[in-house]
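First the structure, in the form of C-alpha cells, and then the observations on it.
The values are calculated or read from the model by the stated rules, or taken from the named source; none is laboratory data. Keep in mind it's a predicted model, so treat the numbers as computed, not measured. A quick note on method: Cβ atoms are made from the backbone with ideal geometry, for glycine too, and the neighbour counts reach across all protein chains shown.
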Amino acid sequence: MNNNTLVFKLTEKNEFSNLDMKSDIKNFIADLTGVDKEVYELLIDKFITFGKITYANKGSFVIVSGVDFNENLNIVPTIQEAYDFIDMEEIERQLDV
C-alpha cells in the first residue's frame, strides 16, 4: 500500500475543495460502498473534474462501488482492487507507458 494514497469515505460533509492538492498525497480512493445510485448521479461531474485534476498532477483517482455508474471513471468493487489499480498506474507512470 502506498504512503501517498488517501482513502476517504463519502459522507454528506465531504467536500473536495477541502483537499490539499499540494500535499504529498497523489492518489485518492473514494469509498462509496453503501451509497445510493442517485447520489452517484449527483456527484458524477465533480468526480470527473476531481479525476482530471488528480491525473494532471500525476496521481490516480479510484472509486470503490458495487455500481459502475460512469465509464469515464475508474470504478472497482473493493478497496484492495483500488490499491492494486493505483499500483498498476504508478508502475505505468514509472515506465512512462
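Some points to look at:
- Residue within the range 5-21 that is at pLDDT 65 or above and surrounded by 17 or more Cβ atoms within 10 Å (Cβ to Cβ) present: yes
- In the set (1) surrounded by 18 or more Cβ atoms within 10 Å (Cβ to Cβ); (2) of a type outside the set (D, E, K, R); (3) modelled with pLDDT of 90 or more, the condition left unmet by Gln94 is number (1).
- Across the range 66-81, the qualifying residues are those that are farther than 15 Å from Phe50 by Cβ and among the aliphatic types (A, V, I, L, M), and the one among them that is modelled with the lowest pLDDT is Val67.
- Residues located in the range 36-69, provided they are touching a helix residue (DSSP H, G or I) at 6+ places or on another chain (Cβ under 9 Å), outside any helix (DSSP H, G or I) and farther than 24 Å from Arg93 by Cα: Ser65, Val67, Phe69
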